[in-house]
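Read through the structure below, which is laid out as structure tokens, and then see the notes.
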Amino acid sequence: MVFTGACLGSLEAEMKVKEKVEVDTVTDVVCDVCLCSTKANSGELEFATINACWGYGVRHDGERYELHLCEDCFFQAIADIRKHRRIHNLFNDDYDHNDNELGLMATDDYFHDGGIGKP
Ligand SMILES: [Zn+2]
């Protein structure tokens, strides 16, 4: 059997089933602290995600948390955690009190490929 261009075109059209479908898409993520949009000037959504899933044997056993923070609120939270950490280790001689890189895993990681590693 030989299909001409016209026949092949109509055969392909019959094999492809098309219909319009409604798809939910995330268009914005609101910061859980300041309740502002996390959409950057570039149009991309830029936010931090904090997850916790507490397991057996702790007070919050079975509870699962997920928070989204904008850039400002994330770094404010990091500053608060760093302050709490310094107070918690006030009399610990082994603690580096100049730790300004808490949680920093890489820099220059523009393509999410690992960057150049922790400075
Ligand atoms: Zn925020």
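The values are calculated or read from the model by the stated rules, or taken from the named source; none is laboratory data. All values derive from a computational prediction rather than experimental measurement. So basically every Cβ, Gly included, is an ideal-geometry build from the backbone, and we count neighbours across all protein chains shown.
Things worth noting here:
- Contacts under 6 angstrom Cβ, first residue in region 63-75 being more than 15 Å from Asp28 (Cβ to Cβ) and in contact (Cβ under 8 Å) with a residue 24 or more places away in the chain, partner of a type outside the set (Lys, Arg) and near the ligand (Cβ under 8 Å from one of its atoms), 6 or more apart: Leu67/Asp32; Cys73/Cys31; Cys73/Val33; Cys73/Cys34
- Take the conditions (1) of a type in the set (A, V, I, L, M); (2) in a helix (DSSP H, G or I); (3) closer than 30 Å to Thr27 by Cβ; Ile87 misses just one of them, which is (3).
- Residue within region 54-67 that is within 16 Å of the ligand (Cβ to nearest atom) and either within 27 Å of Asn100 (Cα to Cα) or not in a loop (DSSP other than H, G, I, E, B) (or both) present: yes
- Qualifying positions in region 85-102 - under 24 Å from Thr49 (Cα atoms) and surrounded by 10 or more Cβ atoms within 10 Å (Cβ to Cβ): Arg85, Arg86, Asp99, Glu101, Leu102
- Scoring Lys39 on the criteria (1) of a type in the set (Lys, Arg); (2) away from the ligand (no atom under 16 Å from the Cβ); (3) surrounded by 10 or more Cβ atoms within 10 Å (Cβ to Cβ) leaves a single failure, condition (2).
- Listed by first and then second residue, the pairs with beta-carbon distance under 7 Å, at least 6 apart or on different chains, first residue in region 33-58 and more than 20 Å from Met105 (Cβ to Cβ), second more than 16 Å from the ligand (Cβ to nearest atom) and in a loop (DSSP other than H, G, I, E, B), are Trp54/His60; Trp54/Asp61; Trp54/Gly62; Trp54/Glu63; Gly55/Asp61.
- Test: residue in region 17-27 that is in a loop (DSSP other than H, G, I, E, B), at pLDDT 95 or above and surrounded by 11 or more Cβ atoms within 10 Å (Cβ to Cβ): no
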